[in-house]
């Protein structure tokens, strides 16, 4: 299953709920304001670093760039994908769950 | 005619750019409101601090990068942009991560000075308390 999250982890608990209810090994893609969760050094970085061990976490590159976040600022183990990668993840997984 | 009334206005920004329309709409209101010659400042709190992050590049998103418009604020006499330190720290950000915004000080031979001021929670609370009008985005 692919989980997408599009809300800032500092404003909504969408990511927290996703991490709580996703199964180990699931794919999680951070898009829109959720890309802030991929940055290292934040107050949620520990939570996300732990999640990287249980899930495959991706982040959408164009959403990072628009927010001025460099790929060198990310938590280790998070993979950056472009729009083609987003489509591939959606196609490879039987179900897409959007945590809004 | 009596002198026009000048009130202290603060625009409080608490949303990240692009994910919602609050940030860009808020900036537009500030730029429009600047024409009324009031005593205007802005505060950036919570995810609002992300509005000032440097190196924003929306080319792949195919939407307008409005971050350069913050540079125009100084020309409209909006030259006090308060950023809450605690909000920056929670997001792993510091002064070096923010755009360098400046204004020319007419009372000091048009010297170029920084508009962004990082303030702690208590300072910001005091600034909020002294306003006549507060608008939130």
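Coordinate-derived values only; no laboratory data. Quick caveat, the model's predicted, so the values are computed rather than measured. Heads up, the Cβs are rebuilt from the backbone with ideal geometry, glycines too, and the neighbour counts pull from every protein chain shown.
Based on the convex hull around the alpha carbon atoms, chain A presents an average projected area of 5.5 nm².
In the protein assembly as shown, the DSSP-assigned H stretches of four residues or longer account for a calculated mean residue ellipticity at 222 nm of -7000 deg cm²/dmol, using -39500 (n - 2.57) per stretch and the full residue count as denominator. Output the 0 to 90 degree angle, nearest 10, between the alpha-carbon long axis of helix B:22-33 and the longest principal axis computed from the alpha carbons of chain B. Here the helix axis deviates by roughly 20 degrees. Report, in whole Å, the centroid distance computed from the Cα atoms of segment A:34-100 and segment B:24-49. A separation of 31 Å, based on Cα centres. Looking only at segment A:26-49, which residues have a backbone nitrogen under 18 Å from a spot 7 Å from the Cα of residue B:121 in the C-beta direction? Under 18 Å, as judged by backbone N against the label point of residue B:121, lie A:42-44 of segment A:26-49. How are the C-alpha pair distances of the protein assembly as shown spread across 5 Å bins, as whole percents from the shortest bin up? Whole-percent P(r) values from 0 Å outward: 1, 6, 13, 17, 17, 14, 10, 8, 6, 4, 2, 1, 0, 0, 0. Across the alpha-carbon set of segment A:41-100, the Rg to Rh ratio works out to 0.97, Rh being the Kirkwood radius.
By DSSP, what percent of the beta bridges with both residues in segment A:2-99 are antiparallel, rounded to the nearest 5? The antiparallel fraction comes to roughly 5 percent. Using a Gaussian network model of chain A in which every pair of alpha carbons under 10 angstrom is joined by a spring, one finds that among A:66, A:14, A:49 the greatest mean-square fluctuation is at A:66. The mean number of partner chain beta-carbon atoms within 10 angstrom of a residue's beta-carbon across peptide B:41-47 is 1.
For chain B, the calculated P(r), taken from all Cα-Cα distances in 10 Å bins from zero up to the bin holding the longest distance, is 12, 42, 36, 9, 1, 0 percent. Can you say what percent of the DSSP beta bridges in the protein assembly as shown, counting only those with both residues inside, are antiparallel? Round to 5. Here the share of antiparallel DSSP bridges comes out near 15 percent. When chain B is treated as a Gaussian network with alpha carbon springs shorter than 10 Å, the biggest mean-square fluctuation among B:21, B:118, B:63 belongs to B:63. Highest mean packing first, where packing is the average number of other Cβ atoms within 10 Å per residue, the peptides B:106-113, B:86-93, B:64-71 line up as B:86-93, B:64-71, B:106-113.
Take B:126-132, B:26-32 and order them by the average number of nearby Cβ atoms within 10 Å per residue, most first; the result is B:26-32, B:126-132. Of all DSSP beta bridges confined to chain B, the antiparallel ones make up roughly 25%.
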